[in-house]
Each structure stands twice: as structure tokens, then as C-alpha cells.
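Chemist: Got a structure for you, written out below as C-alpha cells; questions coming shortly.
The values are calculated or read from the model by the stated rules, or taken from the named source; none is laboratory data. Everything numeric here is computed off the predicted structure, so don't read it as measured data. When we count neighbours, we look across all protein chains shown, and the Cβ atoms used for this are built from the backbone with ideal geometry, even at glycine.
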Amino acid sequence: MRKVLGVVAAGMLFACGSQGGSTGTPEAPSAALPAEGLSLGVTEALTQGTFTGGGTEAVFSSRQVEPGVYRIELRFHGKMLRALLDGENGVSTLDGFAEATGQDMQWQEEDRQVVAVLSAALNAELPSGDAATPEAKYLRRAVSLWVQHPDTVAMQRTVMGEQGRGYTMLCSYAKCNGKNTGSCGSSYNWYAYAKHDCSKGGFDAAINQQLAQLGDHGTCDGDEFYMSNNAWVCGEPDHWSRPKVMGNCFGRCGGGCGGDTQYTLDATNHDGCVRNGHVLVSGYCDDQFVSASDDELFAPNCY
């Protein structure tokens, strides 16, 4: 498997690194913006469309270029985000660059806002989970991954995923009270521990660990619910010693509760970093983000 993955990855790096025009590349955003909102077209082997909002137009496409291999492209603000994914072998290459110069893309806050709103629109409009076509599913997953991309992680990189090696599923911990969704009542199913390392200590430091109930079992306007004085509070416990936490789809790949239901070890640890005193694009959480990238792109849905 390793030898096969290496050969496929080498070919993908060439394909993703090139700016040359190719069939299925979305056209540049138009000068005259259409009405705001998502315009989406889904046909055999192709999902494409535009999203317009706040004076910006993003143009995207996801196309099967050969059996089981998909090319995803997103253009906005004169920039191109591109991914080539081999779903069967669990290999992908990602890239982002300025279209005019070919230089590596530099994230601006306005860029991240555009991609975040597009991601939310795709989650709302595309069929959820495995009901989506492969083109739509990989588009949704790639855009969600780009939303979370830290400034300090290279845009051009190869991501490989293989269950048991690249990612570890935690589907059973996403259930409580015998259910995948809904209130846990008083019956929790704790995972020990969501953890990270940072300037405050290593993975074994109790303040860098959280006792987590994974899954879709409550939402609030903060990062999560945490237990304080025997009551659930909405917010973020900043490096407390092993607090109990839950909510907002803790442990799920992607930002919050997206269109897929992948609960994995690396995604849990990423949440355990960005929801424990660090922001989404914190450099302290880079290693968790990189580790969780293959989970988001390739891990199967839990339900």
C-alpha cells in the first residue's frame, strides 16, 4: 500500500501544482455580480456553482477526472484553492496560490470569511452524509478543511489517509444514552482524553486534557459546554484540569456540525486544542490540524 500511495501522490503533486488550464476549471469570477446566495449545479460526475455575498463571488467545481479521482477547485479574490483526491487509495494533494503570479497563497481574514460562508451554504444545500454524490461530498469536505487552514501550515502539501494508520474512528464515543443525536439526559459516554501540547505543557499535562462527550448532543453560541459547579456552562474552559466538555459536535471532522458525521481521534484532539484556550488558527494547534486533515477528507461517516 505504501508503494502504491507514493506513486499516486507523486503524480498528484504535479497535477495540483500546475496553473495550466484544464477541463473542468471554473471560470474566473465575473465583474458583474449576480444575486447573492448559492447557485449550485449537480450533474453526473460534476458538482459546480457560484456563491455571491458581501460584494464577493466565489466560483467552484468538483469533477471526477478518472474513476475514483476528483479534482476540486475554488476561485475568489484572484486566488485559487485546488485539491486532487484519490478516494479509493486515500491520497490527496492540496494547493493554494495567487492566479496572477503563481505565488503561494497568503490567507487574509476576508478570504477565510468567504470560504466559511461558502462552507456553511454547502452544508445546508448538499445532501448530508453518504447521500451526496462523491463529487459533492469531497467538495464539501475540502472546503471545510480550507476554512480551518492555519496561516502557518503550507498550502501545497500531500495528505494520505488509511484507517488504523492515518485515522482512528471514535464512532462509539459519539453516542450517548444509546443515541447518535439528541440529549444525553444523565447517561454520558466519556472519552478520555481530548488532548494537545502547547507552551503550557505536553500531552500528558492535565490542563491540556479534556474529558469529552463526543457527538451531536447540544449546541450553544460558545465553543462548547463545560461542567462548572455541577452545571453546564456555554463557553471555553481555558486550560482547566481535565474538565468535562461536550456540545457543538465535539470530535467531529470539520467546523462544528457539518454535512458529514466523521468522529475521529485526531479531530477530537484538534477540538481539544482550539476549544481549550486557543483560536482556530493557533500555531499551537497546527500539528492537530495536520493530523486531522486525512480524517476529514477520507474517514467514513459514523451514521
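Chemist: Identify all residues within segment 77-94 that are crowded, with 22+ Cβ neighbours inside 10 Å, over 22 Å from GLN163 (Cβ atoms) and not basic (Lys, Arg); write none if there are none.
Modeler: Selection gives LEU81 alone.
Chemist: With aliphatic (A, V, I, L, M) and under 17 Å from TYR167 (Cα atoms) as the only criterion, which of ALA231, ALA292 stands out?
Modeler: After applying the criteria, what remains is ALA292.
Chemist: Tell me, yes or no, whether segment 119-133 has at least one residue that is within 20 Å of ASN248 (Cα to Cα), in the same structural domain as GLU66 (by TED's automatic domain parsing) and among the β-branched types (Val, Ile, Thr).
Modeler: Scanning segment 119-133, I find no residue that is within 20 Å of ASN248 (Cα to Cα), in the same structural domain as GLU66 (by TED's automatic domain parsing) and among the β-branched types (Val, Ile, Thr), so the answer is no.
Chemist: I need the strands (runs of 3 or more DSSP E) fully contained in segment 57-124, keeping only those with at least 2 residues that are among the small types (Gly, Ala, Ser) and more than 19 Å from GLY259 (Cα to Cα).
Modeler: Here the list reads 91-98.
Chemist: I need the full set of residues from segment 150-182 which are touching a Gly at 6+ places or on another chain (Cβ under 8 Å), at pLDDT below 95 and within 25 Å of ASN301 (Cβ to Cβ), in order please.
Modeler: MET160, GLY161, GLU162, GLY166, TYR167, ASN177
Chemist: Take the residues of segment 119-148 that are among the charged types (D, E, K, R) and buried (at least 18 other Cβ atoms within 10 Å of the Cβ): which is farthest from the chain's Cα centre (by Cα)?
Modeler: This residue is GLU135.
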